[in-house]
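The structure appears right after this line, and notes come after that.
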């Protein structure tokens, strides 16, 4: 079997060195925390640079901005339906850096600001309301909002009841390693006989077994324990969710010990389809307009601007 491919195309951006802020707990439900680095750093200059593979050596590699849009799908501009009222976005405010409460108490984060950029593209008034994560779909179904913009995984079961746009973010799997050991980039051959930390019974553990059969898996009950083992040099690599690992290697807990290495792994069967904007099935026209606006937000560089603001260390 071959390894999962990277996204079709990507933008490689050379940003200023990221600020080193604290890290919050993950993966899905977290305490309410303000990600100060995301708000205090303004949009970063998007000077084009050749793609560079990330390795486990110190330095500031280019930030890879993922591209989830197919250029062949572009068509006529899709206008949003005129309802005479603001489109109501529903989100959660306890999952930084995707959606969280800002210093003023209002929702912000990558997903929230992307939703606002979509509204600007569609030239429609929008509101954003924060609700508890586990109530978002019920609130949408009950017409207490029009669009859910939150980290709810896209699945076939979700589509049985709701409409979704194409993914605007996915959950890449990544390897991390000590930055001072000069370990090779991960491959089936390079990992033979090397220890790799994984969360027990996770999709990442299953993927490692299937695609890197000669690696020596070391099971951990939680990610924090695995990260601590990596920092202490007790394992050669750690294979886990790329967003969590990016937050770790760029945060204070890691103390510059480690770096992401190699590419991203995006196999749907293991790591899901990602997240998109969710609407009710009767709002097909709105869903199409949101999809088109997301494409145009990418085309004009706004997606890249927001990505660099909220992901100083890229999960991709």
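One table, with the values for the structure above:
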{"quantity": "For region 172-272: relative contact order, % (alpha-carbon pairs under 8 angstrom, 6 or more apart)", "calculated": "43"}
{"quantity": "Shape of region 264-316, Cα gyration tensor, a/c cut at 1.5", "calculated": "oblate"}
{"quantity": "Length gained when the stretch residue 201-residue 221 is fully extended (0.36 nm per residue, less Cα-Cα span)", "calculated": "6.3 nm"}
{"quantity": "Per residue Cα convex hull volume in Å³ - calculated over region 172-272", "calculated": "83"}
{"quantity": "124, 275 arranged by Cβ crowding within 10 Å, fewest neighbours leading", "calculated": "124, 275"}
{"quantity": "Global form of region 59-217, assessed from the alpha-carbon gyration tensor, a/c cut-off 1.5", "calculated": "prolate"}
{"quantity": "Proxy reagent accessibility, fewest Cβ within 10 Å first, across 171, 298", "calculated": "298, 171"}
{"quantity": "Using a Förster distance of 35 Å, the FRET efficiency for residue 67-residue 232 (Cβ separation, nearest 0.05)", "calculated": "0.45"}
{"quantity": "Residue order, fewest to most beta carbons within 10 Å, for 113, 282", "calculated": "282, 113"}
{"quantity": "Packing-based order for 212-222, 87-97, using average beta carbon neighbours within 10 Å, highest first", "calculated": "87-97, 212-222"}
{"quantity": "Residues residue 139 and residue 209, FRET efficiency given R0 of 35 Å [Cβ-Cβ distance, rounded to 0.05]", "calculated": "0.35"}
{"quantity": "Computed label-point distance, nm, for sites residue 79 and residue 132 using a 7 Å Cα→Cβ extension", "calculated": "4.2"}
{"quantity": "Label-point separation, residue 123 to residue 268 (7 Å along Cα→Cβ), nm", "calculated": "3.6"}
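None of the figures in this text is laboratory data; all of them are computed from the coordinates on show. On a predicted model such as this, the values are computed, not experimentally measured, just so you know. We place every Cβ from the backbone using ideal geometry, glycine too, and count neighbours over all the protein chains shown.
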